[in-house]
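Here's the structure, in structure tokens; my notes come after.
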Amino acid sequence: MGRQDRAATTTAATATAATDLLRAVLDLAADLDLPSLLERFVDASTAMTGARYGAINILDDLGASTTFVQSGVTPETVAALAHPPHATGVLGRIPAEGFLRLEDLTQHPAFGGLPAGHPPMGSFLGTAVRVQDAVYGYLYLSEKETGFDEEDEAVVGALAAAAAVAIQNAELYAVERRREGWLTAGQRITTMLLEGADQEEVLSQIARSAREIDGADTVALALPGIDGELVLEIVDGQGYDDLFGVVLPRTGRAWSAFRSGHGQIVPSLARIPGIMPELQGYGPALYAPLRSAGESVGVLMVLRRLGAPPFTPSDLTLAQSFAGQAALAFVLAEARHAEDAAALHDERMRIARDLHDLAIQQLFAAGMQLETARHRADDEARLPGLLGVLEGARDSVDSAVRQIRVIVRTLDSPDETVSLVERVRREARGAHASYGVPASLEITLDGRPVASAQVEQGDVDRIDAALGAARADDVVAVVREGLANAARHPRCSAVELRVAVTGTGLDGTVTVEVQDDGVGPPPGRDRHSGTRNLADRAAAGGGTFALTGAPGGRGALLRWHAPLG
């Protein structure tokens, strides 16, 4: 071949290489899916340099691999390796700018050997991929038969520059997608609250939305509990049994976010000395306070598994915005609830005044008229039935007046004149609407069911007399908390509620049992959660409280027992 032919061939090859490089750059620029983009970058780098193996390694702040995309190594070999390589040894010598080109990787002074099962590697070319003047990851190329040269460096440099721009675009696109997801989730939360959805349901939706949008493995809501502690009351995703009900230490990051109102990102919880055991199995974590008008109402904890990609500042910004929106919606919902309660009280007072000023006065006047007619009926012989009729009418009017007075008092203070039996029945009837699970109810007095409304009034009165107002309030609080606790258990579809009153005075006792068919507490676990106040109520009255597995092996059994005296 003559000189001109060789020159033409070289020119054609150069043009082809330039065309291939341009095509690869355009392909990278057009890909907005980050995993796909990284695969394209590695494949293009190996193909255009002739390397047998290629990989991009993205590291966290501590130098551990969070994302490793490779080409040329079989899936069986990848599975046999313990973990992706860290930026140590030879790999740790790759400069932040420029290249590390070696004829034989194994001859470098920093080479420490390859892990068992790793394919042999000789020639090597490594470079940092920089995004916005910061190292994003490292590209490794190995095993080119003729060795790498300056032309390979030029090709890889161009591809890395194109990949950097594409990575930035892909991350911006992902942020916008997440922002859209957060906004949609926030609007849904607001709508649920303003439509009167149960607070427990809304909290669960907040956790579920955060987990799905932020690509997390677990999301937990830390809420203020008894004695001002922060308790993990809502858990969505993996680790429910380990995290639900955990009381967070006051020196931890959740408390820091709660007090300061500033969220924070943790690269890996597992690497924090002294971290609580329940969180040791997690890697990246994000803490976002639920805060409104300068006050925190809780903390959103977003957790990822060990080795998962770390959270970014944009993740924290979006999560905090969502948490603030959720907190504001709660404040508005509580304000609306207070307004509704005030309006209801005003309406009760109006009805009470109308009953007193109109109905009672009219009935009283009717009673006076009947009394006058009774005195005027002096000839009983001529009016044999008049006296009985008048007395019956007078008694009816008196009875009506007494009943209306009871209604007036009930409207003013509804629970003061409602029996404990009726209050407990209301809680059971409202369980499905409030907590999403139906509840059956059994009330017994000295072992005898309190069943029929026509014949039970004596039992109802005896129960009220035996318990008194304070203990009756305790029972209602226990029933309410027990139903809410049961509804939190996964796969709970029904609840059995039992209230048993035995004896009177110092010899009497009251027992409340709430049994569900869901996934109960883990065996042997002493759980501290929102049910702690039930234990406090029992202890204050000289009673006992326990939350254990149900006798049948499925579900949980909450048992609260206290003396009457």
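The values are calculated or read from the model by the stated rules, or taken from the named source; none is laboratory data. Nothing here was measured: the structure is a model prediction, and the numbers come from that model. Ideal geometry is used to build each Cβ from the backbone, glycine not excepted, and the neighbour counts take in all protein chains shown.
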When you go through (1) surrounded by fewer than 16 Cβ atoms within 10 Å (Cβ to Cβ); (2) modelled with pLDDT of 70 or more; (3) not in a loop (DSSP other than H, G, I, E, B) one by one for D346, which number turns out not to apply?
-> (2)
Say we look at region 550-565 and pick out the residues that are closer than 20 Å to R488 by Cβ and without any contact (Cβ under 8 Å) to a residue 60 or more places away in the chain; which of these is farthest from the chain's Cα centre (by Cα)?
-> G552
State all residues of region 266-299 that are touching a residue at least 60 places away in the same chain (Cβ under 8 Å) and surrounded by fewer than 18 Cβ atoms within 10 Å (Cβ to Cβ); if no residue qualifies, say none.
-> P267, R271
Given (1) in a loop (DSSP other than H, G, I, E, B); (2) within 14 Å of V299 (Cα to Cα), index of the condition T251 fails = (2)
Could you please let me know if L203 is modelled with pLDDT under 85, in the same structural domain as L306 (by TED's automatic domain parsing) and assigned to a helix (DSSP H, G or I)?
-> yes
When both residues are 6+ apart or on different chains and their Cβ atoms are under 6 Å apart, which pairs have a first residue that lies in region 36-56 and is of a type in the set (K, R), and a second that is surrounded by fewer than 24 Cβ atoms within 10 Å (Cβ to Cβ) and not in a helix (DSSP H, G or I)?
-> R40/D31; R52/G72; R52/E143
Top-ranked residue in region 521-548 [being exposed (fewer than 15 other Cβ atoms within 10 Å of the Cβ) and closer than 19 Å to L497 by Cα; ranked as modelled with the lowest pLDDT] = T548
Of the residues that make up region 108-115, is at least one over 19 Å from G307 (Cα atoms), under 46 Å from the mean Cα position of the chain (by Cα), free of Cβ contacts under 8 Å to residues at least 24 places away in the same chain and outside the structural domain of P310 (by TED's automatic domain parsing)?
-> yes
